[in-house]
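One structure below.
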Amino acid sequence: MKITLQLFGRFREFSAAPELDLDLPGIATVADFRAAFDAWAQAHWPAYAPALLKASAIATESALLRADSTLPSDGRLAVLPPVSGG
């Protein structure tokens with residue numbers, strides 16, 4: 001599946017662009033996406049830590065998605081890492 005992934009927070013430190021276009025065959029759910037993206041990130045981003053993705057939410061423009069959610073047909077997703085501040 002072709003995915004356009006918007007990057008936020010710490011994920012922006014790994015990429016010069018705010019979005020990634022990925023071709024991740026055989027994925028249909030958010031759980032599938034997480035596994036495929038984790039493998040991709042480990043292969044392409046030396047400083048990436050899998051715990052960051054585990055703590056992050058996956059969303060569309062209008063909703064947070066659960067692990068068993070079907071991916072949107074347009075393939076547009078965002079990865080939202082946890083934030084802190086004061």
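The values are calculated or read from the model by the stated rules, or taken from the named source; none is laboratory data. Predicted, not measured: the structure shown is a model, and the values here were computed from it. All Cβ positions, even for glycine, are placed from backbone atoms using ideal geometry, and neighbour counts span all protein chains on display.
Among the residues of the stretch 57-73, those identified as part of a loop (DSSP other than H, G, I, E, B) and out of contact with any helix residue (DSSP H, G or I) (no Cβ under 8 Å at 6 or more places or on another chain) are Thr60, Glu61, Ser62, Ala63, Pro72, Ser73.
For the stretch 1-31, the tally of residues that are of a type in the set (Lys, Arg) and touching a Gly at 6+ places or on another chain (Cβ under 9 Å) stands at 1.
Scan the stretch 20-43 residue by residue and report those that are surrounded by fewer than 18 Cβ atoms within 10 Å (Cβ to Cβ), part of a loop (DSSP other than H, G, I, E, B) and among the aliphatic types (A, V, I, L, M). Answer for the stretch 20-43, where residues must be surrounded by fewer than 18 Cβ atoms within 10 Å (Cβ to Cβ), part of a loop (DSSP other than H, G, I, E, B) and among the aliphatic types (A, V, I, L, M): just Ala28. The single condition among (1) surrounded by 15 or more Cβ atoms within 10 Å (Cβ to Cβ); (2) in a loop (DSSP other than H, G, I, E, B); (3) without any contact (Cβ under 8 Å) to a residue 24 or more places away in the chain; (4) not charged (D, E, K, R) that Pro46 does not meet is (1). Considering the stretch 51-86, the residues that are under 17 Å from Glu19 (Cβ atoms) and either among the acidic types (Asp, Glu) or surrounded by fewer than 10 Cβ atoms within 10 Å (Cβ to Cβ) (or both) include one that is modelled with the lowest pLDDT, namely Glu61.
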